[in-house]
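Take a look at the structure set out below.
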Amino acid sequence: MVIVAGHLVVDPGQREAYLAGCTDVVQQARCAEGCLDFSVTADLLDAGRIDVFERWSSRAAVEAFRGSGPSGEQAAAIRSASVAEYDVSGARPLT
């Protein structure tokens with residue numbers, strides 16, 4: 001399993017527009033083979049932060065879906081980013 005997690009920072013006044021621009025990508029990812037979860041969401045405390053979380057069945061599934069990244073307009077809106085991929089060998093349900 002592969003987890004992609006982290007956050008982006010955008011101008012607080014652009015956050016809602018940025019998130020709206022992610023709708024199609026989230027829908028496409030959730031329908032992609034090997035996608036177990038995919039979300040891009042507004043942080044509850046920081047008005048400029050966008051949290052990223054993806055869970056994939058394999059590295060191959062991530063690579064098959066991954067495009068060239070955000071559009072030019074979206075990339076220009078990102079002030080900073082801290083996102084990483086993690087290879088996971090196991091999971092323990094918490095329920």
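The values are calculated or read from the model by the stated rules, or taken from the named source; none is laboratory data. Small disclaimer: the values here were computed from a predicted structure and weren't measured. Cβ: placed from backbone, ideal geometry, glycine included. Neighbour counts: every protein chain shown. We work out accessible area using only protein heavy atoms, side chains counted, and drop any ligands, DNA or RNA first. Shrake-Rupley method; radii C 1.70, N 1.55, O 1.52, S 1.80 Å.
Accessible surface computed residue by residue for the range 1-70, with neighbouring protein chains in place and a 1.4 Å probe, gives 56 Å² per residue. Annotation: Cα Rg of the chain relative to the compact-globule expectation 2.2 N^0.38 Å equals 1.11. Ranked by the mean number of other Cβ atoms within 10 Å of their residues, highest first, the peptides 2-8, 88-94, 50-56 fall in the order 50-56, 2-8, 88-94.
Over the residues of the chain, the helix contribution to mean residue ellipticity at 222 nm works out to -8000 deg cm²/dmol, using -39500 (n - 2.57) for each DSSP H run of at least 4. Peptides 11-18, 78-85 ranked from most to least packed by the mean count of surrounding Cβ atoms within 10 Å: 11-18, 78-85.
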